[in-house]
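The values are calculated or read from the model by the stated rules, or taken from the named source; none is laboratory data. Remember, it's a predicted structure, so these values are computed and weren't measured experimentally. Neighbour counts are summed over all protein chains in view; Cβ atoms, including those assigned to glycine, are modelled from backbone coordinates with ideal geometry. For accessibility, only protein heavy atoms count, side chains too; no ligands or nucleic acids. Shrake-Rupley method; radii C 1.70, N 1.55, O 1.52, S 1.80 Å.
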Amino acid sequence: IAKEVAKLLEMKAQLGGDEGKHKFVLKTPKGTRDYSPKQMAIRERVFDAIITCFKRHGAEVIDTPVFELKETLTGKYGEDSKLIYDLKDQGGELLSLRYDLTVPFARYLAMNKITNIKRYHIAKVYRRDNPAMTRGRYREFYQCDFDIAGQFDPMIPDAECLKIVHEILSDLQLGDFLIKVNDRRILDGMFAVCGVPDSKFRTICSSVDKLDKMPWEEVRSEMVGEKGLSPEAADRIGEYVQLHGGLDLIERLLQDPKLSQNKLAKEGLGDMKLLFEYLTLFGITGKISFDLSLARGLDYYTGVIFEAVLLQQENEHVEEPVSVGSVAGGGRYDGLVGMFDPKGRKVPCVGVSIGIERIFSILEQRVEASEEKIRTTETQVLVASAQKKLLEERLKLIAELWDAGIKAEVLYKKNPKLLNQLQYCEETGIPLVAIVGEQELKDGVVKLRVVATREEVNVRRENLVEEIRMRTNRP
């Protein structure tokens, strides 16, 4: 080994030293990633499905800056505020990278005095997290948000948001999913009747929010040990937060002697009943569960909250499917716009955010497992030649195709071999080859070859565009 190392070092010396050359570390920053063409092809499919759904529901699109004034974001996220990325600015403004798309949306509404809009917004957001990239958690990632702002009759927009989640998750075929629904008012009412002091509502709320990841015993000991809640109050909460069901459970809680005495909880349960009636009309209650443990950690929610989780059937013998994490979440936040309005004018809002990164990880793993071939281009036809000295003719023909809106490629070689041109199509999944040769030029035709079946037809030059369109089924 020593001999080999010495030999290698000698060769290295001959090649010239590294003096004066800066060694670059080639990596992406922590918690970020590059996307290869194959990954982007899968991503674009997902974005297309989501945008198609948002547009089907009549949403407009907006965009906002990637950074906001620091004070815009401060105090909106509860315990998560420590994950906000702050920026140093030369001009004296204190800035932060946006943490989500909801707070910028509220700022946009207040600033432009908009009281009524249905919008979607797809953009990157930033969190100074300790990233667990294997679980689809990043410091820079996309969010896909859909929100309805405005004063409307209760629960109609809320029901539409749940319908959208149902449509997108069904469309992407991610497997079985469940949408859990709760209401902040029911939670707060429950905390009140269980004896939680007002000042502890939010912090106890963020403990309850961990019930999907931790068993009740651990959550209970966090409430009592770390957050100073009395054991009796914790046990009372325990009786409620382990309940989940549908309309039957809502009816039962409306009769609950303690909860029905609480004004907030009663309001929340009344609205929840209404919501379930609308969801029944939309035909989606099979995938919806009213779940009292759902809390969602963010401070700005005021009413209905929901979260969609994917279920994994571990094996045949397990009764309860296992959740593999949240892929969408949202809720009603009626006070957020008012926080930005100098006169405190409220604009009620409800919205949903689709967890694109997690969905993408799942689809990516699935493609890897199935070894499905993913096309990374949309090229419909390769313009090829069978003989030498036909570069000019190939370029003339490809220009005609491009000008007609056909997606076409040509190899960047003067005289490529026909075999190499056909092989290129096999590798990249291009379905058609348009071959020009001397005879074809004389006859005013182009030989169109179908790569998969190897069949060839002569097509008149003036009909070529039509023929390619017809064969690739693209408008």
Under 1.5 on a/c is rounded, so check that first for region 384-429, then, if it is not, pick prolate when a/b is larger than b/c and oblate when it is not; a ≥ b ≥ c are the square roots of the alpha carbon gyration tensor eigenvalues. oblate
When the helix-only estimate is applied to the chain (DSSP H runs of n ≥ 4, each -39,500 (n - 2.57), divided by the residue count), what is the mean residue ellipticity at 222 nm, nearest 500 deg cm²/dmol? -12000 deg cm²/dmol
Evaluate the relative contact order of the chain (contact order divided by residue number), counting alpha-carbon pairs under 8 angstrom at least 6 apart; express in whole percent. 15 percent
Just to confirm a number: summing +1 for Lys and Arg and -1 for Asp and Glu over residues other than Asp145 whose beta-carbon lies under 11 angstrom from that of Asp145, what do you get? -1
Estimated dipole of the chain in Debye, rounded to 20 [Cβ of Lys and Arg +1, of Asp and Glu -1, Cα centre]: 1620 debye
Looking at the P(r) of region 261-409, how many percent of alpha-carbon pairs lie beyond 26 Å? 58 percent
Please report the relative contact order for region 381-473, taking Cα pairs under 8 Å with a sequence separation of at least 6, and give it as a percent rounded to a whole number. 29 percent
³J(HN,Hα) computed for each position of region 362-378 - Karplus, 6.51 cos²θ - 1.76 cosθ + 1.60, integer Hz, glycine/proline x: 5, 5, 4, 4, 5, 5, 4, 5, 7, 6, 5, 7, 9, 7, 9, 10, 10
Hey, what angle do you get for helix 418-428 against the long axis of the chain, alpha-carbon based, 0 to 90 degrees rounded to 10? 0 degrees
Skipping prolines and chain starts, which residues have an amide H placed within reach, meaning under 5 Å, of the one on Leu311, given they are 5 or more residues away or on another chain? Asp176, Phe177, Leu178, Val324
Where does helix 184-194 land angle-wise versus the long Cα axis of the chain, in degrees 0 to 90, nearest 10? 30 degrees
Hydrodynamic radius of region 26-72 per Kirkwood, over alpha carbon pairs, in Å: 14.1 Å
Cα gyration tensor shape for region 381-473, rounded if a/c is under 1.5, else prolate or oblate: rounded
Along region 115-121, Karplus-curve 3J(HN,Hα) (6.51, -1.76, 1.60; θ = phi - 60°) to the nearest Hz, with x for Gly and Pro, reads 10, 7, 7, 10, 9, 10, 8
With a ≥ b ≥ c taken as the square roots of the eigenvalues of the C-alpha gyration tensor of region 37-370, please select rounded if a/c is under 1.5 and otherwise prolate if a/b is larger than b/c or oblate if it is not? rounded
What does the accessible area per residue of the chain come to in Å², with a 1.4 Å probe and no ligands, DNA or RNA counted? 54 Å²
If you average the C-alpha positions of region 34-109 and of region 445-466 separately, how far apart do those two centres end up, in angstrom? 47 Å
Partners for Lys273 among lysines (Cα-Cα distance below 26 Å; same-chain residues under 8 apart left out): Lys118, Lys163, Lys180, Lys210, Lys258, Lys263, Lys287, Lys346
If the viscosity is 1.306 mPa s and the temperature 10 °C, what Stokes-Einstein diffusion coefficient in µm²/s follows for region 81-141 when Rh is the Kirkwood radius over Cα pairs? 117 µm²/s
Summing +1 for each Lys or Arg and -1 for each Asp or Glu, what net charge is found among the other residues whose Cβ lies under 9 Å from the Cβ of Asn458? -1
What is the sum of charges, Lys and Arg at +1 and Asp and Glu at -1, for the other residues whose Cβ falls under 11 Å from the Cβ of Ala59? 0
Can you tell me which of 415-426, 300-311 comes out highest on packing, and rank the rest after it, using the mean Cβ neighbours within 10 Å? 300-311, 415-426
